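Quick notes on the structure that follows.
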Amino acid sequence: DSGVTQTPKHLITATGQRVTLRCSPRSGDLSVYWYQQSLDQGLQFLIQYYNGEERAKGNILERFSAQQFPDLHSELNLSSLELGDSALYFCASSVGDSFPLGYTFGSGTRLTVV
Amino acid sequence: AQKITQTQPGMFVQEKEAVTLDCTYDTSDQSYGLFWYKQPSSGEMIFLIYQGSYDEQNATEGRYSLNFQKARKSANLVISASQLGDSAMYFCAMREPYSGGGADGLTFGKGTHLIIQP
């Protein structure tokens, strides 16, 4: 157990729908990162939050949004889902946002859009 | 241009042999970090080893070592005495600082699928 908890583990939904993925970081970690792993795009950084504030953005679509709450858990919201959004979504956490630091990854949420 | 290049899509290796997984990177920053992660078929991402750009010695973690050649922008992972449980996808990744003073997300390579044969 890495200490980073992601729920749900699996999600199947229809095109056009909206889903929310949840991540609880490791105890003491203030930064949360979201990644998408798909067959065609590989592993891509989506967005980072640090202590409730958005810190860095990667290749995140406008249909996707995220937030980090006062208790430091984070949610990734995916809307108007398309077949191509089917992927493994990872959350990772680290103590701070200063370089260099390593991450701890959660076990991922596998999203299937049908 | 790709920032992280892993040129070996797949590798077959005999158990107990040493394995070298290649990784080259591209950055204009002086300060950066290089990581290797293992992803078994179950899907989780497991951190293996880290090398900072200013670290003069190659990083080692148990059976894993990182052959860091800064001038060549190379960060190969070496697994000594491979085991059947080493069969997995292996990803090289780089973290560069961003202008805000903190650090951006990791950039991953496409991975190498390593299969250890008995």
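The values are calculated or read from the model by the stated rules, or taken from the named source; none is laboratory data. Because the structure is predicted, anything quoted here is derived from the model rather than measured. Positions of Cβ are backbone-derived with ideal geometry, glycine not excepted, and every protein chain shown enters the neighbour counts.
Some values worked out for this structure:
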{"read-out": "Pick from region A:58-99, criterion in a strand (DSSP E or B) and of a type in the set (Ser, Thr, Tyr), ranking: farthest from the other protein chains (Cβ to nearest Cβ)", "value": "A:SER65"}
{"read-out": "Conditions (1) surrounded by 19 or more Cβ atoms within 10 Å (Cβ to Cβ); (2) modelled with pLDDT of 95 or more: number failed by A:TYR103", "value": "(2)"}
{"read-out": "Tally of residues being more than 8 Å from every other protein chain (Cβ to nearest Cβ), out of contact with any Ser or Thr (no Cβ under 9 Å at 6 or more places or on another chain) and in a strand (DSSP E or B) across region A:43-57", "value": "3"}
{"read-out": "Selection status of A:GLN36, within 26 Å of B:SER42 (Cα to Cα), touching a helix residue (DSSP H, G or I) at 6+ places or on another chain (Cβ under 9 Å), surrounded by 15 or more Cβ atoms within 10 Å (Cβ to Cβ) and not β-branched (Val, Ile, Thr)", "value": "yes"}
{"read-out": "Hey, A:ARG18 in contact with a strand residue (DSSP E or B) (Cβ under 9 Å, 6 or more places away or on another chain), surrounded by fewer than 14 Cβ atoms within 10 Å (Cβ to Cβ) and basic (Lys, Arg) or not", "value": "yes"}
{"read-out": "Residue check, B:ALA75 crowded, with 18+ Cβ neighbours inside 10 Å, at pLDDT 95 or above and under 19 Å from B:LYS16 (Cβ atoms)", "value": "no"}
{"read-out": "Hits in region A:8-42 - residues which are in a strand (DSSP E or B), closer than 30 Å to B:ILE4 by Cα and touching a Ser or Thr at 6+ places or on another chain (Cβ under 8 Å)", "value": "A:HIS10, A:LEU21, A:ARG22, A:CYS23, A:SER24, A:SER31, A:VAL32, A:TYR33, A:TRP34, A:SER38"}
{"read-out": "Condition broken by B:LEU34, with the remaining ones in (1) out of contact with any strand residue (DSSP E or B) (no Cβ under 6 Å at 6 or more places or on another chain); (2) in contact (Cβ under 8 Å) with a residue 12 or more places away in the chain; (3) closer than 26 Å to A:TYR89 by Cα satisfied", "value": "(1)"}
{"read-out": "Verdict on B:SER87 being out of contact with any Phe, Trp or Tyr (no Cβ under 7 Å at 6 or more places or on another chain), among the hydroxyl-bearing types (Ser, Thr, Tyr) and closer than 21 Å to A:TYR35 by Cα", "value": "no"}
{"read-out": "Entirely in region B:21-118, the strands (runs of 3 or more DSSP E) that have 1 or more residues that are of a type in the set (Lys, Arg)", "value": "B:33-39, B:88-97"}
{"read-out": "Residue list for region B:1-18, restricted to those being out of contact with any Phe, Trp or Tyr (no Cβ under 6 Å at 6 or more places or on another chain) and surrounded by 19 or more Cβ atoms within 10 Å (Cβ to Cβ)", "value": "B:GLN6"}
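Every residue, every condition in (1) surrounded by fewer than 19 Cβ atoms within 10 Å (Cβ to Cβ); (2) under 23 Å from B:ILE116 (Cα atoms); (3) at pLDDT below 95, yes or no:
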| site | (1), (2), (3) |
| --- | --- |
| B:TYR32 | no, no, yes |
| B:MET45 | no, yes, yes |
| B:LEU84 | yes, yes, no |
| B:SER99 | yes, no, yes |
